[in-house]
Amino acid sequence: MKVTIEDSCIACGACESICDAVFSVSDKAAVNESAVAANEASVKEAADACPVSAIVVE
């Protein structure tokens, strides 16, 4: 699973509140690639919850 954050990210923090092992937010969300595999369900939930659909899961 590959996770990327698009430039449309508004740094709202929703992804971090759902899965802080993978997402961290400052100016824009960042992805901790090493934690994605162990948290796939939460990553998908965070992507679905993103208000601007900035999280791309492949």
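Quick note: the coordinates plus some simple rules give every number you see, no bench work behind them. Because the structure is predicted, anything quoted here is derived from the model rather than measured.
List of remarks:
- Per residue, the average separation of C-alpha pairs within less than 8 Å and at least 6 apart gives the chain a relative contact order of 46 percent.
- Seen against the Cα atoms of the chain and their longest principal axis, helix 40-49 is set at about 20 degrees.
- Among Ala11, Ala38, Ala46, the residue with the largest mean-square fluctuation in a Gaussian network model of the chain, with springs joining Cα atoms closer than 10 Å, is Ala38.
- Value at 222 nm in deg cm²/dmol, rounded to 500, when DSSP H runs of n ≥ 4 in the chain each add -39,500 (n - 2.57): -6500 deg cm²/dmol
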